[in-house]
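Asker: Could you have a look at this structure, given as structure tokens, before my questions?
No lab work stands behind these numbers, since they all come straight from the coordinates. Values in this document were obtained by computation on a predicted structure and should not be read as measured data. For neighbour counting, all protein chains shown are included, and Cβ atoms are generated from backbone atoms with ideal geometry for every residue, glycine included.
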Amino acid sequence: MNNEHEAKIIMTLTPYLMAFPQSKMNEGSLLVYAKALSSLSIAEIEASMLKLMRTNRFFPSVADIFEQANNIDQFLNKSAQKSSDEAWSEVMKEVHSAFIYRKPKFSSKEVERAALNMGWTSLCNLETDAMNTARSQFMRIYDSIINRSRNEKTNQDIINALPSKTVNELVTGISNKFMLEKPKEDKKDGSKE
């Protein structure tokens, strides 16, 4: 066990084993959970587990706990990501109100990035018969941006949870890999070595 926080996580999760009696969780499993969940506070884990007890029939996975912690955080901070339909509706409202003459205002950087990726002038000048195609393209772009943002946040959380020695080893390993993969110099006759 690396630290006190992980021990508290194990103590927090242990009573939930009784709520899921068919679970095959054991001390070893809880150690792995504690390491994986170390970036969450005890309050976040507790709230997530209470919610998951209402929806899951089996002991939740680490991913389930993180998803619920994020969901509860968004609820408390009123920062839930818009669905792609909601984002499209917001963009269309801005097309009608700002058009090409004013700077559009968006509720999140993800909605703005998706709209600008589509091309603001193009969205403002959409023909009626192209609306469904544009909507579909926008939704794919928006969903991709949301997934990328979630992935970046997860990566940052993982880096933050790792000991600095491990992070340094990762950085050094990546740096060394790039040095080893350096392209070979061209010979004087133009061919590669």
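Asker: HN-Hα J couplings of segment 136-142 from phi, Karplus 6.51/-1.76/1.60, θ = phi - 60°, integer Hz, Gly and Pro as x?
Answerer: 4, 5, 4, 4, 5, 5, 4
Asker: Next question. Per the helix-only calculation at 222 nm, which mean residue ellipticity applies to the chain, given -39500 (n - 2.57) for every DSSP H run of n ≥ 4 and division by its residues, nearest 500 deg cm²/dmol?
Answerer: -22000 deg cm²/dmol
Asker: To continue, here is another question. Listing Val111, Val95, Val32 from the residue with the fewest other Cβ atoms within 10 Å to the one with the most, what is the order? Intermediate values should be presented prior to the final figure.
Answerer: Working: Val111 24, Val95 17, Val32 11.
Placing the least packed residue first, the sequence is Val32, Val95, Val111.
Asker: Modelling each spin label as a point 7 Å along the Cα-to-Cβ direction, I'd like the Ala80/Arg150 distance in nm, to one decimal.
Answerer: 1.4 nm
Asker: Would you order Arg57, Arg140 from fewest to most other beta-carbon atoms within 10 Å of each residue's own beta-carbon?
Answerer: The order, fewest Cβ neighbours first, is Arg57, Arg140.
Asker: For a paramagnetic label modelled at 7 Å from the Cα of Ser108 toward its Cβ, which residues of segment 133-169 fall within the zone defined by backbone nitrogen distances under 15 Å?
Answerer: Counting backbone N atoms under 15 Å from the label point, the list is 139-154.
Asker: Set the Förster distance to 45 Å, then compute FRET efficiency between Met18 and Lys177 from the Cβ-Cβ distance, nearest 0.05.
Answerer: The value I calculate is 0.45.
Asker: How big is segment 3-75 by Rg and Dmax over its Cα atoms, in Å?
Answerer: In order Rg, Dmax, the Cα atoms of segment 3-75 give 11.2, 33 Å.
Asker: With labels modelled as points extended 7 Å from the Cα through the Cβ direction, what inter-label distance (nm, one decimal) is found for Thr166 paired with Glu46?
Answerer: Output for this residue pair reads 2.6 nm.
Asker: A further question follows. Whole angstrom only: what separates the Cα centroid of segment 3-49 from the Cα centroid of segment 61-105?
Answerer: Between the Cα centre of segment 3-49 and that of segment 61-105, the gap is 31 Å.
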